[in-house]
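First the structure, in the form of structure tokens, and then the observations on it.
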Amino acid sequence: MTTRLPLPPSLYADTAVAPVATPPLDVDKTVSVAIVGGGYTGLSTALHLAEQGVEALVLEAQEPGWGASGNNGGHTNPGLKHDPDQIEADFGAELGRRMIDFSYGTTNFTHDLIRRYQIPCEARQNGTLRAAYNEASAAAIEKTAQQCIRRGMPVQYLNREQLREMTGTERYIGAMLDTRGGDLHPLSYARGLARAAISAGAKVHGETPALSLRRDGARWRIETPRAVVHADKVLLATNGFTDDLWPALRRTIVPVFSSIAATAPLSDAVARSIMPTRPVLYESGHITVYYRIDQHNRLLMGGRGPMRWIKSPNDVALSHALCRAAMAAAQGCRLDAWLEQPARHHQGSLSACARAGGKHPDLARLQRPRRRALDRDGRAARAPADRRCQGRDRHARHGHQADPDARILALGGYDCCDRGPGAGPAGRLKKKAPPRQERRLA
Ligand SMILES: Cc1cc2nc3c(=O)[nH]c(=O)nc-3n(C[C@H](O)[C@H](O)[C@H](O)COP(=O)(O)OP(=O)(O)OC[C@H]3O[C@@H](n4cnc5c(N)ncnc54)[C@H](O)[C@@H]3O)c2cc1C
């Protein structure tokens, strides 16, 4: 028997739509695809498989959205970190173009999905600003914008004056506005995805950790506390919460923490003076600072936090200070306008791991000997985290084909806007294994 960990108190937990019932699994099942992890990756994959008539079953240790999916910044940002030209140079014209189309198309895909299933998650598509506060970053962002414009994307480069209008602050020298970006309530979206997946025919079981995974004849056998699942194929979608279910996968992942501070609802006048048209904004810099004003006029700002679970509001002091700085620049608002409640924080995504670079102490365990160990047992990850941090695979989603005949996939490391979890693995798990080169995209 296991006991579900409750969602820690947070703004999102307090304000999300009610969860759909996802009872623990208590009878043995045989399915085509078993999915371990009930975040965006697992739920979206289940939904898209079910839409294609494939029997899919999600095993979630806690409840859908309990992980990063229910606790992130809520930004839906198009694109990849690196410039389109760089991606084509690294991956070749054809694969590079597909990566660009795919990643810049993710927000439209997500917002279409939300409309199609009428998911109540406060979704808006008011654009993403990628903003620079120093000359070097501004020049780099302008270059990115030009490359996007050349490819016909709905993007424009904004100067300091235009940004003052859009953000109420003098802080930014330049920014790229991509009108496909937006925001949503992350936990409501995760719960909506669970509801949609179930309505499409998928099974979703909360409080059901996968305890062991092994081959059993032609199928995979997954043990859970009360029942056994047999599956033709398995997707591991456990992100920063990856345990020893597939030990070689765990060795490629370093969980990191990140934090967000939220204000009490601001007055209309103050909220309008910060971001009247309600885009989301992230800064280009060593520490990624990102913020948005939600539908209730709260300013939510994320940035660096302590590398552990948050226990008190003091733990998000940096985010609070950044909030104050932004607000002061806009309106001179006082600190007491801030809600002294930490937004909930959690183990971060693999992309956050990549961003952490060599600074995270745990990255030491991702050094070469580990990778050799992975290679030797024949279940090599295609893009281990250490290579993502440094090499050309830094562009890619974190995908592992853990089993040589493609019947186990592991996916993670993308943003909440990604359609990857839905379109990618669903197709891959249904059809036969793609050519080798394509697997890098998984
Ligand atoms: C602070 C923060 C802010 C972020 N902000 C943004 C943002 O603004 N925009 C954006 O696009 N992205 C953002 N991200 C990234 C985004 O949240 C993640 O990339 C995304 O949610 C990953 O989804 P997932 O389904 O792969 O993993 P998760 O949502 O983490 O789900 C993994 C699940 O696996 C379950 N699990 C683990 N082991 C087992 C097991 N053995 N059996 C059963 N279940 C198991 C866990 O309980 C968990 O629910 C942010 C991330 C963080 C941490």
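Quick note: the coordinates plus some simple rules give every number you see, no bench work behind them. Owing to the predicted nature of the structure, the values given are computational and were not obtained by experimental measurement. Neighbour counts are summed over all protein chains in view; Cβ atoms, including those assigned to glycine, are modelled from backbone coordinates with ideal geometry.
When the Cα centres of the range 227-286 and the range 153-200 are compared, how far apart do they sit, in Å?
Each part's Cα centre sits 15 Å from the other's.
Nearest 20 debye, what's the magnitude of the dipole of the range 63-188 about its Cα centre given +1 on Lys and Arg Cβ and -1 on Asp and Glu Cβ?
Working: 14 positive and 16 negative charges, 40 e Å.
About 200 debye.
Just check the range 40-158 against the gyration tensor rule for me: Cα atoms, a ≥ b ≥ c as the square roots of the eigenvalues, rounded for a/c under 1.5, and otherwise prolate or oblate depending on whether a/b exceeds b/c.
Cα axes put the range 40-158 in the prolate bin.
Explain nothing, just compute: Karplus ³J(HN,Hα) = 6.51 cos²θ - 1.76 cosθ + 1.60, θ = phi - 60°, for every residue of the range 222-232 in order, whole Hz, x for Gly and Pro.
10, 8, 10, x, 10, 8, 10, 10, 10, 9, 5
Could you work out the relative contact order of the range 153-204, using alpha carbon pairs under 8 angstrom and six or more residues apart, expressed as a whole percent? The partial results should precede the final answer.
Numbers: 37 pairs, mean separation 15.2, N = 52.
With pairs under 8 Å counted, the relative contact order is 29 percent.
Which whole-number percentage describes the relative contact order of the range 191-261, with Cα contacts under 8 Å and a sequence gap of 6 or more?
Working: 62 pairs, mean separation 12.5, N = 71.
So the answer I get is 18 percent.
Are there chymotrypsin sites (Phe, Trp or Tyr not before Pro) in the range 7-69 that DSSP marks as loop and that have at most 15 other Cβ atoms within 10 Å, and which are they? Display every interim value, and only then the final one.
Values: sites: Tyr12, Tyr40, Trp66; in loops: Trp66.
When the chymotrypsin sites (Phe, Trp or Tyr not before Pro) of the range 7-69 are filtered for loop state and at most 15 Cβ neighbours within 10 Å, nothing remains.
For Val228, what residues show an amide H to amide H distance below 5 Å, using hydrogens built from the backbone and excluding near sequence neighbours?
Amide H to amide H, under 5 Å and 5 or more residues apart or across chains, Val228 pairs with Asp28, Lys29.
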